[in-house]
Amino acid sequence: MTDKELFAAAVKAAEKSYSPYSHFRVGAAIMAADGRIFTGCNIENASYSLTNCAERTAVFKAVSEGVTQFKAIAVAGSSTNDFTKPCPPCGACLQVLSEFCGDDLVVILSNGWFKLSDFLPMRFGGDSLT
Ligand code: THU
């Protein structure tokens, strides 16, 4: 699967977004080490802080299926049908991704590809970093 196809899967996943409060739809598509793709969307809640981001939905779906190694994640977000503006993962999602992915996880946005370490050069790791 190409970067473009993974990004297209993220845009498609955003169709399922449950975002009646922000009206900002986000989709993510994460590629596991074995090539399997898991998608996710943001899921909001009347108690706003309980919202789950698209990236974490995708990762949690994969981990709950026993998949914990990943190569790349694509993220697409928009309040319109135009997904051309980049939507980088939020800090919480970066930290969750870093639990399962090395610094070299490829992050695909609308404007190109990056490494997880471009966004999160140093993660919290408890005792594992000391
Ligand atoms: N959101 C994501 O799904 N991923 C992010 O990385 C940041 C924000 C969602 C949460 C909320 O539903 C909406 O975008 C607006 O913040």
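The values are calculated or read from the model by the stated rules, or taken from the named source; none is laboratory data. Note that the structure is predicted; figures quoted are calculated from it, not measured. Reconstructed Cβ throughout: ideal geometry from the backbone, glycine too, with neighbour counts over all protein chains shown. We work out accessible area using only protein heavy atoms, side chains counted, and drop any ligands, DNA or RNA first. Shrake-Rupley method; radii C 1.70, N 1.55, O 1.52, S 1.80 Å.
Here the sum of -39500 (n - 2.57) over DSSP H runs of 4 or more residues, divided by the residues of the chain, equals -8000 deg cm²/dmol at 222 nm, to the nearest 500. DSSP beta bridges confined to region 3-129 are antiparallel in about 80 percent of cases. Between the listed residues PHE38, PHE24, VAL107, the Cα displaced farthest toward the positive end of the dipole of the chain, a dipole computed from Cβ unit charges relative to the Cα centre, is found at PHE24.
Each peptide in 111-121, 96-106, 26-36 gets a packing score, the mean of other Cβ atoms within 10 Å over its residues, and the list from highest to lowest is 26-36, 96-106, 111-121. At 37 °C and 0.692 mPa s, what whole-number value in µm²/s does Stokes-Einstein give for the translational diffusion of region 60-114, with Rh from the Kirkwood sum over Cα pairs? The estimated diffusion coefficient comes to 268 µm²/s. On the chain, 55 percent of the accessible area sits on carbon and sulfur atoms, based on a 1.4 Å probe. In this simple spin-label approximation, LYS12 and PHE100 carry label points 7 Å from Cα along the Cα→Cβ vector, and these lie 2.0 nm apart. Gyration tensor over the Cα atoms of the chain: the corresponding equivalent ellipsoid has semi-axes (square roots of 5 times the eigenvalues, largest first) of 22, 17, 14 Å.
For region 3-129, the solvent-accessible area with a 1.4 angstrom probe is 54 square angstrom per residue. The string of couplings for region 49-58 from the Karplus curve (6.51, -1.76, 1.60, θ = phi - 60°) is 5, 8, 4, 10, 6, 4, 4, 5, 4, 5 Hz, one whole number per residue in order, with x for Gly and Pro.
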